[in-house]
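A.B. asks: Just passing along the structure, written as C-alpha coordinates.
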Amino acid sequence: MNRKLYIFSGLIILVIVISAFSDDHGHDHSDHDHQDANVVDNDLLPDESRIGKETQFMLQIETEFIKKTRKSHIERLNGRVRSTTSGSSHINAPYRAVIVKVYVEIGQNVKVGQRLAVIRQNVSAVDQIEISSRLREVNAQLQTDEAELKRLENLSEIVEGKRIINLKIEIDKLKQLQQEYSDLVASGGRSTVLVSPISGKLNDFKITEGTQVHEGQELFGIFNSNQVLVEAIVYDQNIINDADSLTFTISDIGEVNIITKGVKMMSVSPELDIHTQTSKITLAVDNSNNFFKPGQAVLVGVSKYTSDLHIQVPNAAISSIEGKPTIFLHTSPEKFKTKFILQGNSDGQSTEILEGLEEGDRVVVAGVYSVKSIYLSK
(Lines give C-alpha, C1' and ligand atoms only; values in the text may rest on other atoms or scores of the structure.)
Protein backbone atom coordinates (compact mmCIF):
# COMPACT_ATOMS: atom_id res chain seq x y z
CA MET A 1 0.00 0.00 0.00
CA ASN A 2 2.79 2.42 1.02
CA ARG A 3 4.79 1.35 -2.04
CA LYS A 4 1.91 2.32 -4.40
CA LEU A 5 1.55 5.67 -2.66
CA TYR A 6 5.25 6.43 -3.16
CA ILE A 7 5.06 5.55 -6.87
CA PHE A 8 1.99 7.74 -7.38
CA SER A 9 3.61 10.68 -5.57
CA GLY A 10 6.71 10.33 -7.74
CA LEU A 11 4.69 10.48 -10.95
CA ILE A 12 2.98 13.70 -9.83
CA ILE A 13 6.32 15.35 -9.08
CA LEU A 14 7.68 14.27 -12.50
CA VAL A 15 4.71 15.83 -14.31
CA ILE A 16 5.16 19.11 -12.42
CA VAL A 17 8.87 19.28 -13.33
CA ILE A 18 8.19 18.57 -17.02
CA SER A 19 5.47 21.25 -17.15
CA ALA A 20 7.75 23.84 -15.53
CA PHE A 21 10.54 22.99 -17.98
CA SER A 22 8.16 23.32 -20.95
CA ASP A 23 6.90 26.72 -19.76
CA ASP A 24 10.44 28.02 -19.34
CA HIS A 25 11.42 26.71 -22.75
CA GLY A 26 8.33 28.26 -24.34
CA HIS A 27 9.10 31.61 -22.77
CA ASP A 28 12.60 31.37 -24.13
CA HIS A 29 11.19 30.90 -27.65
CA SER A 30 8.76 33.80 -27.27
CA ASP A 31 11.52 36.07 -26.08
CA HIS A 32 13.67 34.96 -28.99
CA ASP A 33 10.89 35.61 -31.53
CA HIS A 34 10.26 39.03 -30.04
CA GLN A 35 13.92 39.84 -30.30
CA ASP A 36 13.88 38.74 -33.99
CA ALA A 37 10.91 41.01 -34.70
CA ASN A 38 12.74 43.94 -33.15
CA VAL A 39 15.74 43.17 -35.33
CA VAL A 40 13.49 43.19 -38.44
CA ASP A 41 11.87 46.51 -37.46
CA ASN A 42 15.22 48.08 -36.66
CA ASP A 43 16.45 47.06 -40.10
CA LEU A 44 14.08 49.57 -41.80
CA LEU A 45 14.91 53.24 -42.34
CA PRO A 46 12.17 55.86 -41.78
CA ASP A 47 11.52 56.16 -45.53
CA GLU A 48 11.33 52.40 -46.08
CA SER A 49 8.64 49.77 -45.75
CA ARG A 50 8.72 46.00 -45.93
CA ILE A 51 6.35 43.95 -48.10
CA GLY A 52 6.70 40.18 -48.31
CA LYS A 53 6.99 38.49 -51.66
CA GLU A 54 3.64 36.72 -51.30
CA THR A 55 1.96 40.00 -50.39
CA GLN A 56 3.55 41.68 -53.41
CA PHE A 57 2.06 38.97 -55.60
CA MET A 58 -1.41 39.29 -54.04
CA LEU A 59 -1.36 43.11 -54.35
CA GLN A 60 -0.18 42.83 -57.99
CA ILE A 61 2.79 45.13 -57.38
CA GLU A 62 4.88 45.56 -60.54
CA THR A 63 8.16 47.40 -61.09
CA GLU A 64 10.42 48.43 -63.95
CA PHE A 65 13.97 49.77 -64.30
CA ILE A 66 14.38 53.40 -65.31
CA LYS A 67 16.21 54.18 -68.55
CA LYS A 68 17.15 57.54 -69.98
CA THR A 69 15.59 58.70 -73.26
CA ARG A 70 16.15 61.48 -75.75
CA LYS A 71 12.42 62.15 -75.97
CA SER A 72 11.50 65.38 -74.18
CA HIS A 73 7.99 66.59 -73.34
CA ILE A 74 7.88 70.28 -74.17
CA GLU A 75 4.26 71.42 -74.03
CA ARG A 76 0.60 70.63 -73.33
CA LEU A 77 -1.91 72.30 -75.65
CA ASN A 78 -5.68 72.66 -75.58
CA GLY A 79 -7.40 71.27 -78.64
CA ARG A 80 -10.78 70.41 -80.08
CA VAL A 81 -11.87 67.52 -82.29
CA ARG A 82 -13.58 68.04 -85.63
CA SER A 83 -14.51 65.70 -88.43
CA THR A 84 -12.70 65.47 -91.75
CA THR A 85 -14.25 66.91 -94.89
CA SER A 86 -15.53 63.51 -95.97
CA GLY A 87 -15.98 62.20 -92.47
CA SER A 88 -19.40 63.61 -91.60
CA SER A 89 -22.79 64.08 -93.16
CA HIS A 90 -26.05 65.72 -92.13
CA ILE A 91 -29.43 64.60 -93.46
CA ASN A 92 -32.18 67.22 -93.47
CA ALA A 93 -35.88 66.93 -94.17
CA PRO A 94 -36.51 67.80 -97.86
CA TYR A 95 -40.01 69.06 -97.04
CA ARG A 96 -42.56 69.31 -94.25
CA ALA A 97 -43.33 65.72 -93.30
CA VAL A 98 -44.16 63.10 -90.70
CA ILE A 99 -41.75 60.32 -89.69
CA VAL A 100 -43.35 57.03 -90.77
CA LYS A 101 -40.59 54.57 -89.85
CA VAL A 102 -37.18 54.71 -88.10
CA TYR A 103 -34.81 51.82 -88.79
CA VAL A 104 -31.79 52.83 -86.66
CA GLU A 105 -30.80 53.71 -83.11
CA ILE A 106 -28.61 56.42 -81.56
CA GLY A 107 -24.92 55.50 -81.71
CA GLN A 108 -25.46 52.73 -84.26
CA ASN A 109 -22.82 52.14 -86.93
CA VAL A 110 -24.29 52.34 -90.43
CA LYS A 111 -23.02 51.65 -93.93
CA VAL A 112 -23.32 53.60 -97.16
CA GLY A 113 -26.83 53.24 -98.58
CA GLN A 114 -28.30 51.77 -95.38
CA ARG A 115 -31.92 52.75 -94.69
CA LEU A 116 -32.36 55.22 -91.84
CA ALA A 117 -36.03 56.25 -91.96
CA VAL A 118 -39.13 56.78 -94.13
CA ILE A 119 -40.90 60.14 -94.18
CA ARG A 120 -44.21 61.15 -95.77
CA GLN A 121 -44.91 64.67 -96.91
CA ASN A 122 -47.65 66.62 -95.16
CA VAL A 123 -50.07 68.03 -97.74
CA SER A 124 -52.76 70.43 -96.48
CA ALA A 125 -55.97 71.34 -98.35
CA VAL A 126 -54.28 74.51 -99.60
CA ASP A 127 -51.30 72.47 -100.77
CA GLN A 128 -53.62 70.05 -102.56
CA ILE A 129 -55.19 72.93 -104.48
CA GLU A 130 -51.73 74.28 -105.38
CA ILE A 131 -50.53 70.83 -106.53
CA SER A 132 -53.66 70.28 -108.65
CA SER A 133 -53.17 73.68 -110.28
CA ARG A 134 -49.54 72.89 -111.08
CA LEU A 135 -50.55 69.50 -112.49
CA ARG A 136 -52.97 71.17 -114.89
CA GLU A 137 -50.24 73.60 -115.99
CA VAL A 138 -47.81 70.74 -116.56
CA ASN A 139 -50.37 68.74 -118.57
CA ALA A 140 -51.13 71.73 -120.74
CA GLN A 141 -47.46 72.51 -121.36
CA LEU A 142 -46.77 68.85 -122.08
CA GLN A 143 -49.52 68.71 -124.74
CA THR A 144 -48.16 71.85 -126.37
CA ASP A 145 -44.57 70.58 -126.44
CA GLU A 146 -45.53 67.16 -127.78
CA ALA A 147 -47.48 68.78 -130.58
CA GLU A 148 -44.52 71.06 -131.37
CA LEU A 149 -42.17 68.08 -131.37
CA LYS A 150 -44.34 66.23 -133.85
CA ARG A 151 -44.40 69.26 -136.12
CA LEU A 152 -40.62 69.71 -136.01
CA GLU A 153 -39.96 66.04 -136.67
CA ASN A 154 -42.01 66.36 -139.89
CA LEU A 155 -39.69 69.23 -140.85
CA SER A 156 -36.53 67.52 -139.70
CA GLU A 157 -34.76 68.10 -143.02
CA ILE A 158 -34.89 71.88 -142.63
CA VAL A 159 -34.99 72.21 -138.79
CA GLU A 160 -31.86 72.10 -136.65
CA GLY A 161 -31.45 68.83 -134.78
CA LYS A 162 -30.48 70.75 -131.62
CA ARG A 163 -33.96 72.27 -131.33
CA ILE A 164 -35.54 68.81 -131.45
CA ILE A 165 -33.13 67.42 -128.81
CA ASN A 166 -33.79 70.32 -126.42
CA LEU A 167 -37.51 69.91 -126.81
CA LYS A 168 -37.30 66.19 -126.02
CA ILE A 169 -35.36 66.97 -122.86
CA GLU A 170 -38.00 69.48 -121.80
CA ILE A 171 -40.76 66.92 -122.42
CA ASP A 172 -38.97 64.33 -120.25
CA LYS A 173 -38.78 66.82 -117.37
CA LEU A 174 -42.46 67.64 -117.72
CA LYS A 175 -43.38 63.95 -117.64
CA GLN A 176 -41.43 63.54 -114.37
CA LEU A 177 -43.27 66.48 -112.83
CA GLN A 178 -46.54 65.10 -114.10
CA GLN A 179 -45.89 61.77 -112.37
CA GLU A 180 -44.86 63.47 -109.08
CA TYR A 181 -47.89 65.75 -108.96
CA SER A 182 -50.22 62.90 -109.92
CA ASP A 183 -48.83 60.75 -107.09
CA LEU A 184 -49.25 63.62 -104.62
CA VAL A 185 -52.85 64.18 -105.63
CA ALA A 186 -53.62 60.47 -105.38
CA SER A 187 -51.82 59.74 -102.05
CA GLY A 188 -52.09 63.05 -100.23
CA GLY A 189 -48.26 63.31 -99.97
CA ARG A 190 -45.08 61.72 -101.27
CA SER A 191 -43.00 59.23 -99.26
CA THR A 192 -39.20 59.23 -99.21
CA VAL A 193 -36.74 56.66 -97.92
CA LEU A 194 -33.74 58.33 -96.24
CA VAL A 195 -30.44 56.44 -96.63
CA SER A 196 -26.96 57.04 -95.25
CA PRO A 197 -24.60 58.72 -97.74
CA ILE A 198 -21.47 57.54 -95.85
CA SER A 199 -20.38 54.80 -93.49
CA GLY A 200 -20.08 55.93 -89.89
CA LYS A 201 -21.70 56.29 -86.50
CA LEU A 202 -25.02 58.01 -85.87
CA ASN A 203 -24.99 61.00 -83.53
CA ASP A 204 -27.83 61.72 -81.12
CA PHE A 205 -31.18 62.32 -82.84
CA LYS A 206 -34.61 63.16 -81.44
CA ILE A 207 -37.06 61.86 -84.02
CA THR A 208 -39.37 58.89 -83.52
CA GLU A 209 -42.22 57.46 -85.54
CA GLY A 210 -44.99 60.04 -85.74
CA THR A 211 -42.70 63.07 -85.24
CA GLN A 212 -43.62 66.08 -87.35
CA VAL A 213 -40.62 67.77 -89.02
CA HIS A 214 -40.28 70.96 -91.01
CA GLU A 215 -38.43 71.54 -94.26
CA GLY A 216 -34.67 71.80 -93.73
CA GLN A 217 -34.73 70.32 -90.21
CA GLU A 218 -31.73 68.10 -89.44
CA LEU A 219 -32.88 64.53 -88.88
CA PHE A 220 -29.61 62.58 -88.70
CA GLY A 221 -25.93 63.36 -88.26
CA ILE A 222 -23.44 60.67 -89.28
CA PHE A 223 -19.82 60.75 -88.19
CA ASN A 224 -17.09 58.56 -89.65
CA SER A 225 -15.01 58.06 -86.51
CA ASN A 226 -12.05 56.23 -88.02
CA GLN A 227 -10.23 59.47 -88.82
CA VAL A 228 -10.67 62.86 -87.13
CA LEU A 229 -8.87 66.18 -87.03
CA VAL A 230 -7.70 67.99 -83.90
CA GLU A 231 -7.09 71.73 -83.92
CA ALA A 232 -4.84 73.07 -81.14
CA ILE A 233 -3.79 76.57 -80.13
CA VAL A 234 -0.03 77.25 -79.89
CA TYR A 235 1.17 80.12 -77.69
CA ASP A 236 4.92 79.61 -78.02
CA GLN A 237 5.89 79.70 -81.68
CA ASN A 238 9.28 78.13 -80.96
CA ILE A 239 7.48 74.85 -80.31
CA ILE A 240 6.61 74.31 -83.95
CA ASN A 241 9.80 75.67 -85.54
CA ASP A 242 11.16 72.16 -86.04
CA ALA A 243 7.91 70.37 -86.86
CA ASP A 244 9.57 67.26 -88.29
CA SER A 245 11.06 66.32 -84.90
CA LEU A 246 7.75 66.58 -83.00
CA THR A 247 5.55 63.74 -81.80
CA PHE A 248 2.04 64.11 -80.39
CA THR A 249 -0.36 62.40 -78.02
CA ILE A 250 -4.09 63.08 -77.76
CA SER A 251 -6.09 62.52 -74.56
CA ASP A 252 -9.45 63.48 -73.15
CA ILE A 253 -9.53 66.06 -70.34
CA GLY A 254 -9.55 63.37 -67.66
CA GLU A 255 -6.66 61.55 -69.41
CA VAL A 256 -8.62 58.29 -69.41
CA ASN A 257 -8.36 57.67 -73.16
CA ILE A 258 -4.97 58.40 -74.71
CA ILE A 259 -3.81 58.01 -78.32
CA THR A 260 -0.03 57.83 -78.77
CA LYS A 261 0.18 56.46 -82.32
CA GLY A 262 -1.34 57.52 -85.61
CA VAL A 263 -1.16 61.28 -84.88
CA LYS A 264 0.31 63.40 -87.68
CA MET A 265 0.62 67.16 -88.12
CA MET A 266 -1.31 68.29 -91.19
CA SER A 267 -0.83 72.05 -91.20
CA VAL A 268 0.24 75.13 -89.25
CA SER A 269 -1.63 78.40 -89.67
CA PRO A 270 0.73 80.78 -91.53
CA GLU A 271 -0.30 83.88 -89.58
CA LEU A 272 -0.56 84.79 -85.90
CA ASP A 273 -3.83 85.91 -84.38
CA ILE A 274 -3.27 89.67 -83.98
CA HIS A 275 -5.19 89.76 -80.71
CA THR A 276 -3.84 86.70 -78.89
CA GLN A 277 -0.50 86.25 -80.70
CA THR A 278 -1.28 82.57 -81.14
CA SER A 279 -1.28 80.22 -84.10
CA LYS A 280 -3.16 77.01 -84.79
CA ILE A 281 -1.96 73.54 -85.75
CA THR A 282 -4.13 70.83 -87.28
CA LEU A 283 -3.45 67.17 -86.55
CA ALA A 284 -4.83 64.08 -88.29
CA VAL A 285 -5.69 61.41 -85.72
CA ASP A 286 -6.33 57.70 -86.18
CA ASN A 287 -9.52 57.33 -84.14
CA SER A 288 -10.40 53.75 -85.07
CA ASN A 289 -10.93 52.96 -81.36
CA ASN A 290 -13.73 55.60 -81.26
CA PHE A 291 -12.22 57.50 -78.31
CA PHE A 292 -13.21 60.94 -79.58
CA LYS A 293 -16.06 62.66 -81.39
CA PRO A 294 -16.43 66.07 -83.14
CA GLY A 295 -16.64 69.03 -80.79
CA GLN A 296 -14.92 67.27 -77.89
CA ALA A 297 -12.24 69.19 -75.96
CA VAL A 298 -8.91 67.33 -75.73
CA LEU A 299 -5.35 67.76 -74.48
CA VAL A 300 -2.47 67.61 -76.97
CA GLY A 301 0.93 66.53 -75.65
CA VAL A 302 3.87 67.76 -77.73
CA SER A 303 7.25 66.02 -77.49
CA LYS A 304 10.45 66.08 -79.49
CA TYR A 305 13.68 64.09 -79.64
CA THR A 306 16.72 66.03 -78.46
CA SER A 307 20.45 65.44 -78.04
CA ASP A 308 20.07 65.47 -74.25
CA LEU A 309 19.05 62.42 -72.23
CA HIS A 310 16.07 62.59 -69.85
CA ILE A 311 14.58 60.40 -67.15
CA GLN A 312 10.87 59.64 -67.51
CA VAL A 313 8.41 57.47 -65.60
CA PRO A 314 4.87 56.37 -66.42
CA ASN A 315 2.29 58.68 -64.86
CA ALA A 316 0.85 55.67 -63.03
CA ALA A 317 4.07 55.46 -61.00
CA ILE A 318 3.62 58.94 -59.48
CA SER A 319 1.72 59.33 -56.22
CA SER A 320 1.50 62.13 -53.64
CA ILE A 321 2.26 62.33 -49.92
CA GLU A 322 1.44 65.55 -48.06
CA GLY A 323 1.05 67.29 -51.40
CA LYS A 324 4.50 66.28 -52.63
CA PRO A 325 4.93 64.15 -55.79
CA THR A 326 6.25 60.76 -54.72
CA ILE A 327 7.50 57.53 -56.24
CA PHE A 328 8.43 54.20 -54.61
CA LEU A 329 11.70 52.39 -55.33
CA HIS A 330 12.06 48.62 -55.02
CA THR A 331 15.50 48.44 -53.38
CA SER A 332 15.61 44.78 -52.29
CA PRO A 333 13.36 41.73 -52.59
CA GLU A 334 11.09 42.88 -49.74
CA LYS A 335 12.06 46.54 -49.23
CA PHE A 336 10.50 49.63 -50.78
CA LYS A 337 11.91 53.15 -50.44
CA THR A 338 9.83 56.33 -50.60
CA LYS A 339 11.31 59.12 -52.74
CA PHE A 340 10.07 62.67 -53.27
CA ILE A 341 10.66 63.94 -56.81
CA LEU A 342 10.67 67.12 -58.86
CA GLN A 343 8.49 66.77 -61.95
CA GLY A 344 9.00 68.23 -65.40
CA ASN A 345 6.66 68.25 -68.40
CA SER A 346 4.20 65.47 -69.16
CA ASP A 347 2.47 64.26 -72.30
CA GLY A 348 -0.39 62.65 -70.38
CA GLN A 349 1.21 59.22 -70.44
CA SER A 350 4.67 59.75 -68.93
CA THR A 351 6.42 62.54 -67.04
CA GLU A 352 9.97 63.85 -66.99
CA ILE A 353 11.69 63.62 -63.60
CA LEU A 354 14.11 66.49 -62.95
CA GLU A 355 15.24 65.40 -59.47
CA GLY A 356 14.87 62.33 -57.27
CA LEU A 357 15.61 59.47 -59.68
CA GLU A 358 18.67 57.95 -61.30
CA GLU A 359 18.98 55.72 -64.33
CA GLY A 360 18.74 52.09 -63.23
CA ASP A 361 16.42 52.76 -60.29
CA ARG A 362 13.66 50.18 -60.00
CA VAL A 363 10.31 52.00 -59.74
CA VAL A 364 6.89 50.69 -58.73
CA VAL A 365 4.58 51.19 -61.74
CA ALA A 366 1.56 49.10 -60.64
CA GLY A 367 0.10 48.65 -57.17
CA VAL A 368 1.38 52.09 -56.16
CA TYR A 369 -1.61 52.81 -53.93
CA SER A 370 -1.02 49.57 -51.98
CA VAL A 371 2.65 50.40 -51.40
CA LYS A 372 1.72 53.91 -50.30
CA SER A 373 -0.92 52.59 -47.85
CA ILE A 374 1.55 50.16 -46.27
CA TYR A 375 4.16 52.91 -45.92
CA LEU A 376 1.69 55.32 -44.27
CA SER A 377 0.47 52.64 -41.86
CA LYS A 378 3.94 52.19 -40.29
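The values are calculated or read from the model by the stated rules, or taken from the named source; none is laboratory data. As the structure is a prediction and not an experimental result, all values here were calculated from the model. We place every Cβ from the backbone using ideal geometry, glycine too, and count neighbours over all the protein chains shown.
A.B. asks: When the residues of the stretch 67-81 are filtered to those that are within 17 Å of residue 229 (Cβ to Cβ) and surrounded by fewer than 18 Cβ atoms within 10 Å (Cβ to Cβ), which remaining residue is modelled with the highest pLDDT?
C.D. replies: The selected residue is 80.
A.B. asks: Tell me whether the stretch 309-320 contains one or more residues that are over 26 Å from residue 49 (Cα atoms) and either in contact with a strand residue (DSSP E or B) (Cβ under 6 Å, 6 or more places away or on another chain) or aliphatic (A, V, I, L, M) (or both).
C.D. replies: Yes, some residue in the stretch 309-320 is over 26 Å from residue 49 (Cα atoms) and either in contact with a strand residue (DSSP E or B) (Cβ under 6 Å, 6 or more places away or on another chain) or aliphatic (A, V, I, L, M) (or both).
A.B. asks: So, in the stretch 323-350, exactly how many residues are out of contact with any Asp or Glu (no Cβ under 6 Å at 6 or more places or on another chain), at pLDDT 90 or above and among the polar types (S, T, N, Q)?
C.D. replies: Of the residues in the stretch 323-350, 3 are out of contact with any Asp or Glu (no Cβ under 6 Å at 6 or more places or on another chain), at pLDDT 90 or above and among the polar types (S, T, N, Q).
A.B. asks: Could you say which residue among 294, 325 is surrounded by fewer than 20 Cβ atoms within 10 Å (Cβ to Cβ) and either closer than 17 Å to residue 255 by Cβ or outside the structural domain of residue 59 (by TED's automatic domain parsing) (or both)?
C.D. replies: Within the list 294, 325, the selection yields 325.
A.B. asks: With the stretch 302-355 as the region, which strands (runs of 3 or more DSSP E) entirely inside it contain at least 1 residues that are β-branched (Val, Ile, Thr)?
C.D. replies: Where strands (runs of 3 or more DSSP E) fall fully within the stretch 302-355 and carry at least 1 residues being β-branched (Val, Ile, Thr), they are 319-321, 324-332, 335-340, 350-355.
A.B. asks: Can you go through 372, 378 and tell me which one is farther than 25 Å from residue 309 by Cβ, assigned to a loop (DSSP other than H, G, I, E, B) and of a type in the set (D, E, K, R)?
C.D. replies: 378
A.B. asks: In this structure, is residue 172 at pLDDT 80 or above, in a loop (DSSP other than H, G, I, E, B) and on the phi < 0 side of the Ramachandran plot?
C.D. replies: no
A.B. asks: Now, a different point. Can you name the residue in the stretch 328-355 that is of a type in the set (Gly, Ala, Ser) and buried (at least 18 other Cβ atoms within 10 Å of the Cβ) and, of all such residues, is nearest to the chain's Cα centre (by Cα)?
C.D. replies: Across the stretch 328-355, the extreme among qualifying residues is 348.
A.B. asks: Now for a different question. So which of 123, 40 ends up being modelled with pLDDT under 90, touching a helix residue (DSSP H, G or I) at 6+ places or on another chain (Cβ under 7 Å) and not assigned by TED's automatic domain parsing to the domain that holds residue 281?
C.D. replies: Exactly one residue qualifies, and that residue is 123.
A.B. asks: OK, next. Provide a single number: the residues in the stretch 242-257 that are in contact with a Leu (Cβ under 9 Å, 6 or more places away or on another chain), at pLDDT 80 or above and surrounded by 13 or more Cβ atoms within 10 Å (Cβ to Cβ).
C.D. replies: Matching residues across the stretch 242-257 total 5.
A.B. asks: Residues 354, 299, 309, 342: which one is in contact with a Lys or Arg (Cβ under 7 Å, 6 or more places away or on another chain) and more than 30 Å from residue 84 (Cα to Cα)?
C.D. replies: Checking each option against the conditions leaves just 309.
A.B. asks: Within the stretch 186-237, track down each residue that is at pLDDT 90 or above, part of a loop (DSSP other than H, G, I, E, B) and under 17 Å from residue 83 (Cα atoms).
C.D. replies: Passing the criteria: only 196.
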